[in-house]
Every structure is written in structure tokens, then in C-alpha cells.
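The values are calculated or read from the model by the stated rules, or taken from the named source; none is laboratory data. Model, not experiment: these values are computed from the prediction. Please note: Cβ atoms are built from the backbone with ideal geometry, for glycine as well, and neighbour counts cover all protein chains shown. Remember, those area values only see protein heavy atoms, side chains included, never the ligands or the DNA or RNA. Shrake-Rupley method; radii C 1.70, N 1.55, O 1.52, S 1.80 Å.
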Amino acid sequence: MIKKHLKTLILTSILTLLPIVAGLYLWDTLPEQVPSHWDVNGEIDGWSSKPFFVFGLPSIMLAAQWLCVLGTAADPKKANHSDKVLHLVLWIIPVINIVLSVITYAVALGQKVRVEVVMPILIGLVLTIVGNYLPKCKQNYTIGIKIPWTLNSEENWNKTHRFAGWLWTICGLVLVLTGFFGGFWIFFGVVLLMVLAPFIYSYLLHRKGV
């Protein structure tokens with residue numbers, strides 16, 4: 001997997017570290033404490049030191065990306081991974097990292113960013129994209145809904161992932177709307193539904209012998 005997608009892996013690794021270049025360029029204008037967390041109302045409630053944000057966070061994100069890649073490459077059923085799903089694995093962390101870095105740098109430099117609006121939209125879009133990819137996931141041990149009933153039955157796996165695919169797509173779009181219209185409890189409830197519904201659906205299939 002790594003050898004086949006080596007060029008993409010190198011490119012996405014560089015992109016993951018790209019915020020470091022921006023941080024060095026903006027170093028003298030950045031405050032010593034950079035915002036690192038916001039509450040549900042968009043108020044800053046967490047800070048990181050400038051060196052940690054500029055160098056540490058991109059490095060952590062790079063390590064997370066490589067952990068995902070190495071875990072996927074070590075999967076005993078890695079032959080079941082489609083190229084489309086593997087490209088999602090390679091690109092999702094770099095893209096999220098760049099978007100979050102742009103938001104944080106903008107806020108740190110005094111720009112007004114409605115984080116309580118941007119974050120639900122970003123999360124919703126990501127989950128919508130993942131939802132579109134779920135039905136394409138063949139049975140494996142690293143990507144997808146890995147619970148006992150899906151791992152023990154290929155039919156259960158396929159049906160659960162088709163169900164979760166349309167559920168996550170719809171729920172992701174609902175989360176995007178919460179960014180525009182607000183509603184933390186709606187956001188929380190939708191995420192809970194996305195987690196629990198496929199689990200219950202898979203179990204019910206198992207009870208039917210699937």
C-alpha cells in the first residue's frame with residue numbers, strides 16, 4: 001500500500017507540515033499564546049504556546065496520519081482496501097489540519113472568525129464525505145465499522161456499511177445546517193445517532209442470522 005501510494009503519501013505529508021511554514025512567516029506577529037480550543041458558543045477556552053502550535057500540532061497530525069497509513073498497510077485484509085478509500089485515508093488529515101490552521105492563525109491575528117459556525121460545517125462536510133465512502137469499504141480490520149458482527153459476517157458488514165453510508169451522508173448534511181442555524185443539542189443528538197444506529201442495526205442483523 002505504501003509503495004503503491006508513495007508519491008501521494010509524500011505530498012500529503014508535506015501538506016500536513018505546511019502550517020509550520022506559515023507559522024514561521026507569521027512568527028513575529030503571532031501572540032505568545034495561540035487559541036487552541038473554543039466552546040459551543042465560539043468563545044476561546046483553551047490556549048497553546050506559540051512554539052507548540054507552530055511546530056507541535058502539525059507534527060502530531062503528521063504522526064496521526066502515518067499511524068493510520070501504517071495501520072492500514074499492516075491490515076491482514078489490506079487487499080480489500082479500494083484505492084478510493086485509501087486516498088481518503090491519505091488526504092483527510094492534511095486537509096483538516098490546513099483548514100484548522102488557517103482558522104486558528106486568523107483568530108490569533110485578530111480576525112473575526114465565527115468558529116461556532118465554521119466547525120459544525122467542517123465536521124458535517126467531512127462526515128458526509130466519509131458517509132459516501134462507507135459503502136465502498138470491503139471487510140477489513142482498520143477502516144469502517146469494526147464490531148464483532150460485521151467482522152464475523154461479510155454480509156452483515158456490507159449491509160451495515162450501506163445503511164451507515166446513507167445515514168452518515170444525511171446526518172452530515174444536517175450537521176452542516178446546524179452551523180448556519182445553531183443548535184448544540186441537535187448536533188450532539190445527530191452525532192450520537194450516527195454512532196449508535198449502525199451498531200444497533202448490525203446487532204439486529206446478527207440476531208436474524210446475518
_Can you tell me, using C-alpha contacts under 8 Å and at least 6 residues apart, the relative contact order of the range 30-153 as a whole percent?_
30 percent
*Backbone HN-Hα couplings from phi across the range 85-90 [Karplus 6.51/-1.76/1.60, Hz, Gly and Pro as x]*: 5, 5, 5, 4, 4, 6
*asked:* Per DSSP helix of 4 or more residues, -39500 (n - 2.57); summed, then divided by the residues of the chain. What does that give at 222 nm, rounded to the nearest 500?
replied: -23000 deg cm²/dmol
_Loop trypsin sites (Lys or Arg not before Pro), the range 69-149, which have at most 15 other Cβ atoms in a 10 Å radius of their Cβ (DSSP)_ = K77, K112, R114, K146
*Return the sequence-ordered ³J(HN,Hα) values of the range 153-159 in whole Hz as given by the Karplus equation 6.51 cos²θ - 1.76 cosθ + 1.60 applied to θ = phi - 60°, using x for Gly and Pro.*
9, 5, 5, 4, 4, 5, 5
_Derived scalar couplings ³J(HN,Hα) [the range 70-77; Karplus, 6.51 cos²θ - 1.76 cosθ + 1.60; whole Hz; x for Gly, Pro]_ = 5, x, 5, 5, 8, 4, x, 10
*Give me the log10 of I(q) over I(0) for the range 56-138 at q = 0.10, 0.16, 0.21 Å⁻¹, as the Debye formula computes it from C-alpha points; what are the numbers?*
-0.33, -0.74, -1.06
*Search the structure for amide H atoms under 5 Å from the amide H of S36, placed 1.01 Å from N in the peptide plane, and list their residues when 5 or more places away or on another chain.*
G46, W47, S48
*Give the accessible area for E43 in Å² (nearest 10); use a 1.4 Å probe, count only protein heavy atoms, and leave out ligands, DNA and RNA.*
110 Å²
*Compute, for V210, the solvent-accessible surface of its heavy atoms (probe 1.4 Å) with the complete set of protein chains present, and express it in square angstrom to the nearest 10.*
30 Å²
*Using alpha carbon centroids, what distance separates the range 57-118 and the range 1-31, in Å?*
11 Å
_Residues of the range 162-185 with amide N under 19 Å of the 7 Å Cα→Cβ point at A197_ = 162-179, 183-185
*Could you name the lysines in cross-link range of K138, using Cα to Cα under 23 Å and dropping any fewer than eight places away on the same chain?*
K3, K4, K77, K78, K84, K146, K159, K208
*For Y141, distant residues with modelled amide H under 5 Å away*: K77
_7 Å from Cα along Cα→Cβ at both K208 and S59: what's the point-to-point distance in nm?_
5.2 nm
*Length-normalised contact order for the chain - Cα pairs under 8 Å, 6+ apart - percent*: 20 percent
*Computed accessible area, M119, all protein chains, 1.4 angstrom probe, square angstrom*: 50 Å²
*With viscosity set to 1.306 mPa s and temperature to 10 °C, compute the Stokes-Einstein D of the chain, Rh being the Kirkwood radius across alpha carbon pairs; µm²/s, no decimals.*
84 µm²/s
*In whole angstrom, and with the biggest value first, how far do the Cα coordinates of the range 1-83 range along each principal axis?*
47, 31, 16
_Relative contact order [Cα under 8 Å, 6+ residues apart], the range 1-52, whole percent_ = 23 percent
